[in-house]
Amino acid sequence: MVKVGAATDVGRHRSLNEDALFAGHTLFVVADGMGGHAAGDVASRLTVEVFKNTALGEPSVEDIRRAVAGANDAVVDHAIEHPESQGMGCTLAGACVVESGGLPHWAVFNLGDSRVYALAEGRLQQLTTDHSEVQELVAAGNLTHAEARTHPMRHVITRAVGEIPPALLDLVLVPALSGQRLLVTTDGLTSEIDDDEIAAVLRETAEPQVAARLLIDKALRAGGHDNITVVVVDVIEIAGTGIGRASTTVPRGLIKRETVS
């Protein structure tokens, strides 16, 4: 059982919302279109439509990989059929409940700089790693996280849906636990407000829909330079365990990433 809040906004400087989202019972996805007039909004919509079909059953890790491959094919095929859309693509981030070792886990996945976070012990933990030029500079020790936020290359991504050949998907498994709170978001949020501000909203706002709206409002007040999309997911109870929700957080040590090759 989960309780979900989701919201999206075009922002203060764009006329078209190129973001798309899907929030099902066990699958939560955001996509951020790229290409502007080259149909970034179509790329994100096509990607989300593929994942909607995936959500009809009980997705596995392989189902997620197939969905990503299917989304990539859909975007590439559209660009081939519509030459004016050459260069279209989108980022992707999501979380899906799957079974691993007989226990429920979140399969957390991404391409590009859309992100998935978990709140634990009042602290925010980023579960995904950005695929971007500035993240590579940070990883190499040539840039600090603070410098990355204002770097002129901060919006240049290195992986996306719609590439030939398809980009390598990052996917990790995280135990699904009662009381977890996840955030799935496009960079329209994270480029405007920092992790401390995000954590404060998630920590202090019980209702996920209210939290989603507050996060967007903060990003708008900070400038709203891009489309903004957020999905906040609270795990109320793990199916079959009878374990209910005690709080909106779980001990930080329990949120362990297991990379899936």
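In a shell of Cβ-Cβ distance under 10 Å around Gly40, excluding Gly40 itself, what net charge do Lys and Arg (+1) and Asp and Glu (-1) give? Walk me through the numbers on the way to the answer.
Values: positive: Arg45; negative: Glu18, Asp19, Asp32, Asp41.
Summing Lys/Arg as +1 and Asp/Glu as -1 gives -3.
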- Query: Using 7 Å Cα-to-Cβ label points, what is the Ala69/Ala222 separation (nm, one decimal)?
  - Reply: 3.7
- Near-label residues of segment 1-44 by backbone N, under 16 Å of a point 7 Å along Cα→Cβ of Glu207: 3-7
- How far apart, in nm, are two points set 7 Å out from the Cα along the Cα-to-Cβ line at Glu163 and at Gln125? 2.7
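Per DSSP helix of 4 or more residues, -39500 (n - 2.57); summed, then divided by the residues of the chain. What does that give at 222 nm, rounded to the nearest 500? Intermediate values should be presented prior to the final figure.
On the way: 7 runs with 75 residues, N = 261.
Mean residue ellipticity at 222 nm (helix-derived): -8500 deg cm²/dmol.
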- Suppose R0 equals 41 Å; then what is the FRET efficiency for Glu136 and Met1 from their Cβ-Cβ distance, rounded to the nearest 0.05? 0.55
- Message: Just want the answer: with Cβ charges of +1 for Lys and Arg and -1 for Asp and Glu, which residue in Gln125, Val29, Leu143 is farthest toward the dipole's positive end in the chain?
- Response: Gln125
- Query: From the backbone phi of segment 183-191, what are the Karplus-calculated ³J(HN,Hα) couplings (6.51 cos²θ - 1.76 cosθ + 1.60, θ = phi - 60°) in whole Hz, Gly and Pro given as x?
  - Reply: 10, 10, 8, 7, 6, x, 7, 6, 7
- Note on the structure: For the chain, the charge dipole (Cβ of Lys, Arg +1; Cβ of Asp, Glu -1; about the Cα centre) points to a positive end, and the Cα of Gly87, Leu46, Pro175 closest to that extreme belongs to Pro175
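Nearest 20 debye, what's the magnitude of the dipole of segment 97-176 about its Cα centre given +1 on Lys and Arg Cβ and -1 on Asp and Glu Cβ? Let's see the in-between values first.
Values: 5 positive and 9 negative charges, 32 e Å.
Result for segment 97-176 is approximately 160 debye, rounded to the nearest 20.
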- Query: What is the distance, in nm, between label points placed 7 Å from the Cα along the Cα-to-Cβ direction at His13 and at Glu99?
  - Reply: 4.8
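Sorting check: for 85-93, 211-219, 116-124, which peptide has the highest mean count of neighbouring beta carbons within 10 Å, and how do the rest follow?
Top of the packing list down: 85-93, 211-219, 116-124.
Only the coordinates and a few stated rules stand behind these numbers; no lab work does. Keep in mind that what you see is a predicted model, and the values were worked out from it rather than measured. Cβ sites come from the backbone with ideal geometry, for glycine too, and all protein chains shown count toward neighbours.
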